[in-house]
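Taken together, the values in this text are just the output of simple stated rules run on the coordinates, not laboratory data. Being a predicted model, the structure only gives us computed values, none of them experimental. Counting neighbours? That spans all protein chains shown, and the Cβs are built from the backbone with ideal geometry, glycine included.
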Amino acid sequence: MISDRENYQRAIEFKSPQYLPCDLGLDLNWLYEKDPVKAAYIRQLQARFPRDMLSIGADRPSEITKNNGASRWLDEWGTGWVEDGHGAKTESYPLIEGYPVQGSFMPPDPGTGAWYIPADKQLMDRNGHYVRGSVWFTLFERLWMLRGFENMLMDPYVYEHEFCCLRDSIVEYNLAMIDQWVKRKVHAVFFSDDWGSQRGLLMNPDDWRRFYKPSYKRMFERVHAGGAHVWMHLCGNITAILPDLIEVGLNVLNPVQPQAMDVRRLSREFGGKVCFNGGVDVQGTMINGKPDDVKREVHQLINLFGRYSGGYIGGTSHNIMPETPLNNVIALYEAFLEYRKV
């Protein structure tokens, strides 16, 4: 039996994995339906999915204030966040009033040793797992979290020089963080930038290629130079730039959202070129379908993406929604178990 690390590598590199790797993390407390019998059975199913991937990240402590049921804090970049029971979201942006005098805005230090203490403790139990470090809110997301979303859509055209300087300072920060993970011998680095809406890209693809593609190329090359895979979380319909991302070194696309992208087209045009992660529809099938519909969708995705001697990592199109019936969660786990090792 090969190690979990090698099995992931085989799936990502189209080298015939022995079983289907899956990433199906789910907190049952998040779901509205409360049936102790079904919940107990789901936990039994979850136990049959060994933890074959170890996901680690930098722990950046923040001072949290609580008031009227809401928690607020500033992240290491100075962006303000609020959690009011419906998920964390941004609420203030340190550069929203304008760009600072060049050189006066300093990114945080990505080499801060204390940030990596929890990750280093986790790595003591790596035991043949596939290890994935993260560089989250990578570039576009970090830019708009500093300037505000509407500003960032306009800045490349209105303040091109200032935009490029800020963008490049974030890239340098990310490169230093990549070096931290490579030093720890991770097998992958996980990036995130939500570039798509349900209908298409948030900006003209040619402008994306001009203003952003070279930055991703730099970061992806640094990961590959360290012997690791590139994973990237990209919500929405990013079909227009997927060939570019593959060109500059994307190995794993997360997630696949069938209500935003055509899964058959993805398989036809990009199967065997990039490994797909996810795809079971949390917006539709998981909420409104029957258990047989869920199982049918799992089988379809594996047939579409996993037929290239690998090329697929099981999972959903995003987080499972709280209104999802427990019977559909059971069907999800049972279907993927058909492709797992005994």
HN-Hα couplings for the range 193-210 via Karplus (6.51, -1.76, 1.60; θ = phi - 60°), in whole Hz with x for Gly/Pro, come out as 7, 7, 9, x, 8, 5, 9, x, 5, 7, 8, 4, x, 5, 5, 4, 5, 6
Just ASN237, ASN151, ASN254 to compare: in a GNM of the chain, with alpha carbon springs under 10 Å, which one fluctuates most? ASN151
About its Cα centre, how strong a charge dipole does the chain have in debye, to the nearest 20, once Lys and Arg get +1 and Asp and Glu get -1 at the Cβ? 1240
Around HIS229, which amide H atoms from residues at least 5 apart in sequence, or from another chain, sit under 5 Å from its own amide H, with H modelled in the peptide plane? ALA188, VAL189
Restricting to bridges with both residues inside the chain, how much of the DSSP beta-bridge set is antiparallel, in percent to the nearest 5? 35
Nearest 10 degrees is fine. How inclined is helix 36-47 to the longest principal axis of the chain, computing both from alpha carbons? 80
Relative to the chain, whose Cα atoms define the longest principal axis, helix 291-305 and its Cα axis are tilted in degrees, nearest 10, by 70
Taking only the Cα positions of the range 118-197, the convex hull volume per residue in Å³ is 103
For the range 260-299, convex hull volume per residue from C-alpha positions, Å³: 73
Straight distance only, please: which aspartates and glutamates reach the Cα of LYS217 with their own Cα at less than 15 Å, same-chain residues fewer than 8 apart left out? ASP168, GLU172, ASP193, ASP244, GLU247
So, in Å, what gap is there between the alpha-carbon centers of the range 255-270 and the range 14-49? 24
Taking only Cα atoms and a 10 Å spring cutoff, compute GNM fluctuations for the chain and point out the largest among LEU153, LEU253, LEU54. LEU153
Rg to Rh quotient for the range 176-311, alpha carbon positions, Kirkwood Rh: 1.00
Förster-model FRET efficiency, 35 Å R0, LEU45 and ASP125, C-beta, rounded to 0.05: 0.90
Starting from the Kirkwood radius over alpha-carbon pairs of the range 49-147, derive D by Stokes-Einstein at 4 °C in a medium of 1.567 mPa s and give it in µm² s⁻¹. 81
Angle check, please: helix 149-158 long axis (alpha carbons) against the longest principal axis of the chain (alpha carbons), in degrees 0 to 90, nearest 10. 50
